Amino acid sequence: MAEAGSVNVGSGREEKEPEGLSQESASTGTTFSRVKLFDTMVDTFLQKLVASGSYQRFIDCYKRFYQLQPEMTQRIYDKFITQLQTSIRDEISEIKEEGNLEAVLNALDVIVEEGKDRREPAWRPSGIPEKDLRSTLVPYFLQQRDALQRRVQKQEAENRQLADAVLAGRRQVEELQLQVQARQQAWQALHREQKELVAVLREPE
């Protein structure tokens, strides 16, 4: 009957494969990616789903139809199980794509691998929300404060440079004004001397 193996489930793995994976990883020290473990869990779920909805249970629900059309009942069951597995796999694939699950699980693998070399103990909640919140937020706020202070110091230094440049510009303007006044005064004095000289020359002897 179909109960024993008429339908190919997933990749054809045995139902006890996850336990085998864990035993193999424990014995060899190999770390399997969470994406593969997730796919194995899906396969195991489908296997157990097919086992729970066996062909025998199916024909128990449709005894009259099975007695009349046993071969048709077999084909209906096979098609139902196949479409059920396909539908579940499609739904899981959409969830993986929408949630970017594969990238998230791979990133988690990287974090776990990087954490293996750390010697300091991992953070654990103390059970006091206020304390945990302070322990998380205070370092962040201190970091932001230091960054703002550095930015303020940089801005103040730039402002001092601008102020010095403005003062230097004012001094240059004042020096130019003094030079203009001095040249104007010299020109006026020269003009007066020329007038006096012309007046002297015009006087009769």
Mind counting the residues in segment 28-47 that are at pLDDT 80 or above and either in contact with a strand residue (DSSP E or B) (Cβ under 8 Å, 6 or more places away or on another chain) or of a type outside the set (Ser, Thr, Tyr) (or both)?
12
Of the conditions (1) in contact (Cβ under 8 Å) with a residue 60 or more places away in the chain; (2) closer than 30 Å to LYS36 by Cβ, SER93 clears all except one; give me its number.
(1)
For segment 132-143, state whether one or more residues are in contact with a Ser or Thr (Cβ under 7 Å, 6 or more places away or on another chain) and either of a type outside the set (A, V, I, L, M) or part of a helix (DSSP H, G or I) (or both).
yes
Pairing a residue in segment 104-123 that is open to solvent by 100 Å² or more (accessible area, probe 1.4 Å) with any residue that is among the small types (Gly, Ala, Ser), where Cβ atoms lie under 9 Å and the two sit 6 or more apart in sequence or on different chains, gives TRP123/SER135
Hey, any hits in segment 93-100 for a residue that's surrounded by 11 or more Cβ atoms within 10 Å (Cβ to Cβ) and under 30 Å from TYR55 (Cβ atoms)?
yes
When you check LYS154 against the structure, is it closer than 30 Å to LYS36 by Cβ, basic (Lys, Arg) and free of Cβ contacts under 8 Å to residues at least 12 places away in the same chain, yes or no?
no
If you go through LEU108, LEU84, the only one that is at pLDDT below 85, among the hydrophobic types (A, V, I, L, M, F, W, C) and under 30 Å from ARG34 (Cβ atoms) is LEU108
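The values are calculated or read from the model by the stated rules, or taken from the named source; none is laboratory data. Source: prediction; values computed, not measured. Ideal geometry is used to build each Cβ from the backbone, glycine not excepted, and the neighbour counts take in all protein chains shown. Quick note on the areas: whole protein, heavy atoms, side chains included, nothing else; ligands and nucleic acids left out. Shrake-Rupley method; radii C 1.70, N 1.55, O 1.52, S 1.80 Å.
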